[in-house]
Amino acid sequence: MLYTVSDVPPAYLGVILGFQHYLTMLGATALIPLLIVPEMGGTPTQMAEVICTIFFVSGCNTLLQTTIGDRLPIVQGGSFAFLSPTFAVIGQVRAMVASGEIGAEEQFEQTMRRIQGAILTCGFIQVALGYSGVLGLLTRFISPLTIAPTVCMVGLGLYTAPNINGNFQRPLPVPGCEGYAAAVIICMVVFSQLLGFVNLKIGGASIKIFALFPVLWTVMVAWGIGAIAQAAGGMDDDYLGGRYAICKTSSQVIEDSKWFRWPYPGQWGAPIFDKCAILPMIAAMLVSMVESIGDYYAAAQLAGAPPPSGPVISRGLAGEGRVWGLILCGLIGTGNGTTSYGENIGALGVTKVGSRAVVQAGACTMIFMGCFPKFGAVFAAMPGWLVGGLYMCLFGLICSCGLAQLQHVDLNSSRNLFILGFCIYNGLSLGGDPSPLRLALGGPAGYFANTGPWGEPNTMIVSLLAGVLLDNLIPGTRAERGAGVYHS
């Protein structure tokens, strides 16, 4: 390493490398509001404000975590693990709107406030688990064989998300934008896989410029292609009968957004605590916590720090859940939780810079940019075909990251193969979209599968519960289960 965890590089280099950390987490973090806000019934202006809010809170979380939390060079940001329960909450509020219980104009605020209440509750629970040491006991019942199908369900549960339409609100996909979405996919493959070896010399460091920022390169190039086509009249209403008109990019949201806005607690209203929203979020919180443990070990190894001890892990996980973690997300209202970012841990190894001061500089950049809604409005203005094309590339990666946990498991064991297949198949069958099996169930089984104590079926919850039960009830050695990875 050029700079280890306690080293402080020159100011100019620290600012540049810190800005790189900001760019690394930029794409994945901005995609979360782009996915959930339209489903919540939000306007483009509200989309821009949520994007800025999640960057502001992520910066605060990162700064405080690296200063008084685990003090490792780890970036905190939005978590895809919380998306599945978020959509369950969205479905509940939509049903309330359909029944006339609340007005359509209240849909966004009502949904956001319920998500806030659920995340706030998870924050207090995570603080208790982190500081009480109960987490060490829980990890003895959770193995990679449990986490793999659960994380896989996060990605599979989003298979309906990539609408390549150009409308902001969720419409049915229409012909016209497929070619532009294909350009997005091609760009992502080229930048992330084919050009990943290209290095750029900056000072004494060699940076893989395309491997580190494939999402940003894809957005710039693909959006540029769309802008050229729009300027040339290829998206005009009178061109080919207006077939491509829906693919246009509108700058209205940028014009309507404010120049400066300070995110503050209660900006969407007081949190609403609803058990149907809280219980699914707790499952997502547990998954996120276990993922973070692996990130702590990886970051410590790359940054030249000793392996984190039990107290360090507990302090770090409690840090993600205290005022600067899930609780801050719940108070201000990001619409999502927080977790450690593996993308930025990878950047530590590529740049050979593991200094926490560099990550703190990146956190300050996040806070600064989070106060300018015009910046968030640029992402909110992205056309649907661009966002949908990114989803088609990235959500499959969530599945593969979950399945990567199986490297610690003995896949020659029929026991493990049975548990893995059971969790994935029944997570989709019982927790997914309505199926003849789920709709035909009655009694307690029907209650569990169709509504359950959380109010909506959830693929992640079904997979997690099935995995924990089967993995601990069916006899198997620690090496066979890969259990030592999380609590060795």
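Each reported figure results from applying straightforward, stated rules to the coordinates on display, with no laboratory input. This is a predicted model, so every value here is computed, not measured. Reconstructed Cβ throughout: ideal geometry from the backbone, glycine too, with neighbour counts over all protein chains shown.
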Item to check | Distance in nm between pseudo-label sites at PHE368 and LYS248 (7 Å out along the Cβ direction from Cα) | outcome: 3.6 nm
Checklist outcome for this item: Assertion target for CYS152, CYS364, ordered by fewest C-beta neighbours within 10 angstrom first, is CYS364, CYS152
Next on the checklist: Just to be sure I understand the model, the point goes 7 Å from the Cα along the line to the Cβ. What's the resulting VAL8 to LEU195 distance in nm?
Outcome noted: 3.8 nm
Checklist entry - Which distance in nm do the two modelled labels at MET220 and ILE16 give, with both placed 7 Å along the Cα-to-Cβ direction? => result 1.6 nm
Checklist entry - What ranking do LEU430, LEU145, LEU194 get, fewest neighbouring Cβ atoms within 10 angstrom at the top? => result LEU194, LEU430, LEU145
Checklist entry - Between GLU178 and SER429, what is the FRET efficiency for a Förster distance of 41 Å, r being their Cβ-Cβ separation, to the nearest 0.05? => result 0.85
Item to check | 30 Å Cα-Cα reach of LYS258 towards lysines, excluding residues that sit fewer than 8 places from it in its own chain | outcome: LYS248, LYS374
Checklist entry - Using the 10 angstrom Cβ neighbour count as an exposure proxy, how do VAL221, VAL253, VAL151 rank, fewest first? => result VAL221, VAL253, VAL151
Checklist entry - Working out 0.36 nm times the residue gap between THR43 and LEU403, then minus their Cα-Cα distance, what length gain in nm do you get to one decimal? => result 126.0 nm
Next on the checklist: Given a Förster distance of 25 Å, report the FRET efficiency between PHE141 and ILE68 from their Cβ-Cβ distance, rounded to the nearest 0.05.
Outcome noted: 0.25
Checklist entry - Which loop trypsin sites (Lys or Arg not before Pro) in region 51-141, with loop taken from DSSP, have no more than 10 other Cβ atoms within 10 angstrom of their Cβ? => result none
